[in-house]
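Here, each number is a calculation from the coordinates, and none is a lab measurement. In this text the structure is predicted, and so the values were computed from the model without any measurement. So basically every Cβ, Gly included, is an ideal-geometry build from the backbone, and we count neighbours across all protein chains shown.
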Amino acid sequence: MQNIQNDRPISLPFFGIPRIAPYMRPYRRTLTMMVICGLGGSAVDILMPLLQRYALNHFIAGNTLDTLPVYIGIYFLAIVFAAVMNFISCNGAMSTEVRVNRDLRSAAFDHLQTLSFSYFNQNSVGYIHSRVMSDTGRIGSLVSWSLMDCVWHTSYLIGSLVVMLAINARLALMVMVILPLIVVLYSLFQKHLITANRQIRELNSRITGDFNEGITGAKTIKTLVIEDRMARDFVRDTAEMKQKSIRAARLRGAFAITMNLASSLALAIVLWQGGYIAASEVGTFSMFMSYAQGMMEPVRWIVDAISDVITTQVNIERLTRLLLTRSDVVDSPEVIEKYGDSFSPKKENWEEIRGDIEFRDVSFRYPDGDEYVLEHFNLSIPFGSNIAIVGETGAGKSTLVNLVCRFFEPTEGSVLIDGRDARERSQLWLHSAIGYVLQTPHLFSGTIRENLLYGNPNATEVEIEKALKLVSADEVVARMEKGLDTDVGEGGDLLSTGEKQLISFARAILADPRILVLDEATASVDTLTEQKIQSAMDAVIRGRTSLVIAHRLSTVRNADLILVVKDGKIVEQGTHQQLLEARGPYYRLYTRQYEDEATSSILA
Ligand SMILES: Nc1ncnc2c1ncn2[C@@H]1O[C@H](COP(=O)(O)OP(=O)(O)O)[C@@H](O)[C@H]1O
Ligand SMILES: [Mg+2]
C-alpha cells in the first residue's frame, strides 16, 4: 500500500459530485422536500406580478371592486404559502448543511485514526485541520444552499419567461434579449470579484500569521533584535491589504452600477415596447416591468451557484485524497480477521505479549527520504532486558524505536516480537503493550488526573500516587494549587516541557506496559529530578523490556546493554564498564559530556 502524497493531483469527473453523492443520500428526503418547497416558493414569486396585473387591469382600469374579498384572500394565502415554503426549504438546507458537514467530518476523523504515524509525520497539523474543517464546510454548503439557490432561481427564471411568453410573446422576446448580456457581464465581474476576495483572504491570513508570530515569538524576536524587521513586514502587508481592499470595494461599486444599468436597460425595453400595449392592459405593462427587473437577481444567484460548484471541486478533491490515503502501516486482512481492527479489537484472540524484540536484517528508509537510515541491521533483545541507545543527534536512535513500535515498517527485513514478524499481529495488539514517552510529550486538554487515566482508565488513586512518585512527578503535582485536578491547557501547554515529560512518563507507567520506550524522555527535566528518576529506574523497568534513548549518558550506566549508534549502525556495544575500558566511541562521548557538564557546573 502506498501513501498518496498531497501534491499528487487526482481528477474527479463531474466536478467531484459523484464522490459527494453518497453523503447526500441519507438526507434525500429532506433534500427532496427542500427542492419541492423551493419550487413552491418560486411559484409564488412568479405569481405575484400576475396578481398585481390582475389588480391593475381589473380594479383600477376596470374601475370595480367586485372580486376584491376573494382577491385579498388569495393574496393573503399566497403570502402565507410563500412564507411556509421558504421556511421549510431554508430549514431543509440548513439541516442538510449541518448534517452533511458532520458526516464528512466524522468520516475524515475516523479515517485519520486509521492512518499511521508516518502520515502525521509528513502532513502538517494545519494541512490536516483545514482538510477536516474548511473543506467539509465548503462541501456542506454546496450540497444545501447552492443547490437550493439553483433550484429556486432557475425555476423562477424559467417560470417568469414562460408567463411573459404566454401573455405577450413579442415583448417577452425583447426582454429576453438582454438575458445573455447580464449573464456575460456578471460572469466577468464575478471572476474578478472572486480573485479580489481571495487575495484579501490570503493577505488577511498572512497578517494574522505575522501577528501570531509577533506575539508567540516575541521573546525570540527581542533576543534576535529583529523588531524593526518584523514591524516592516507587518507595515508592508497591511499597506497591501489596504490597497487591495480599496480595489475590491471599487470593483463591487462598479459591479453594482453595471447591474443597475442592465436592469434599467430591461426596464427601458419594456417602456419602449410596452407603449404599444392598450391602456386597459396597464397591469400587463406593470407585470412586465416587475419581471424584467426581477431577472437580475436570479441570474446572479445561478452564476454564483455554478461557480460554487466549480470552486468547491478543489475541496472535494482534497478531501477525497485524504479519504483515499492508505496508511503505510496497515494490518493485512488475515490479521484483521483474527485480531480485529482499532474499532473492534478481538482481544480474546490476542496472545499474551512477552517482550522479545529482534531486528532481522532490517533495512529502512523513510517513505519520503531517499537515503537508507538502517542497512542490514541485526539486533536481538531478550525480554526483560534494559537496553540503552546512545549516539549523536541524527544517528538513527529514534528510527530504531519507531520500528520497534511499528510506527514504520522495515523497507526490507523484519522486526520480530516474541519471535514472530510484527506484521503477523495487529498494530493495536502491539501498541497496547508498549509505553512510549517522547522527547516532545503531548498531553490532552483536561486535568492531570484525566491525562493519567488515559494510561489506564481503571487506575486507583493509590496506583496514580505510586506512578507519580516513581517518576518524581508527585512534586510537580504537589506544587500545583489544585493538585491532580489542575487543568493542563490545550496540548498541556500550561505546563513546562519537563513537567509534561514527567506526567507522560507517569501515564506510561500506569499503563503497565511490557515494553517501555523512553526517547530522550527526561531531556527537559532538571538534573536533580533526573537523578531521582534514575534511582527509581530499577523499579520502573523491572519485569519489562525497556529501550532507553539517553540524552545524558550518566543516566544509562546501569543498562544491561548499551548500544552506540552512528549513521544507522551499531558501532559499539557492551556494558558501561566494558565500553569505558574499550576506550572507543562511547568513552569519547562520555568523557566529552562529562567535561561539558563539569565546565557548566563550574560556570554556574
Ligand atoms: N520522518 C522522517 N522522514 C525522513 N527522514 C527522517 C525522518 N525522521 C528522521 N529522519 C532522518 O533519519 C535519520 C535518523 O534520525 P533519527 O532516528 O531521528 O535520529 P536520532 O533520534 O538519533 O537523533 C536522520 O538523518 C534524519 O534526518
Ligand atoms: Mg531522536
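Remarks
- In the chain, the calculated helix contribution to ellipticity at 222 nm averages -20000 deg cm²/dmol per residue, counting -39,500 (n - 2.57) for every DSSP H run with n ≥ 4.
- Once you reduce the stretch 332-369 and the stretch 392-461 to the center of their Cα atoms, the two points are 12 Å from each other.
- The chain: relative contact order in percent, alpha carbon pairs under 8 Å with at least 6 residues between: 15
- Label separation (Ser535 vs Ser554): 1.4 nm, computed from points 7 Å beyond Cα along the C-beta direction.
- Length available on full extension from Ile74 to Thr223: 0.36 nm per residue minus the Cα-Cα distance, which gives 46.0 nm.
- Rounded to the nearest 20 debye, dipole of the chain from Cβ charges on Lys, Arg, Asp, Glu: 2020
- Taking amide H as placed 1.01 Å from N in the peptide plane, the amide H of Glu572 sits under 5 Å from that of Val564, each at least 5 places away or on another chain.
- Alpha carbon centroid spacing (whole Å) that separates the stretch 481-536 from the stretch 565-604: 26
- Average Cα contact separation per residue, the stretch 178-276, under 8 Å, 6 or more apart, as relative contact order %: 45
- Extension gain from Asp368 to Lys569, taking 0.36 nm per residue of separation minus the Cα-Cα distance: 70.3 nm
- Amide H to amide H distances under 5 Å link Ser445 with Gly491, Gly492, where only residues 5 or more positions off or on other chains count and H is placed in the peptide plane.
- Label zone at Thr497, where the point sits 7 Å out along the Cα-to-Cβ direction: the stretch 212-232 residues whose backbone N lies under 18 Å: 216-221, 223-224
- Burial ordering of Arg321, Arg583, fewest other beta-carbon atoms within 10 Å first: Arg583, Arg321
- Proximal aspartates and glutamates relative to Lys219, as straight alpha-carbon distance under 13 Å, when same-chain residues fewer than 8 apart are discounted: Glu227
- Distance violations [Cα-Cα > 24 Å] among Lys466/Lys500; Lys397/Lys466; Lys346/Lys469; Lys346/Lys500; Lys397/Lys500: Lys397/Lys466; Lys346/Lys469; Lys346/Lys500
- Distance from the stretch 151-218 to the stretch 80-141 (C-alpha centre basis), Å: 24
- Length released on extending from Ser130 to Lys466, taking residue separation times 0.36 nm less the Cα-Cα span: 116.8 nm
- Those lysines that a straight Cα-Cα span of less than 17 Å connects to Lys244, excepting residues fewer than 8 apart in one chain: Lys191
- Straight Cα distances below 17 angstrom link Lys532 to the aspartates and glutamates Glu465, Asp474, Glu475, Glu499, Glu520, with same-chain residues fewer than 8 positions distant left out.
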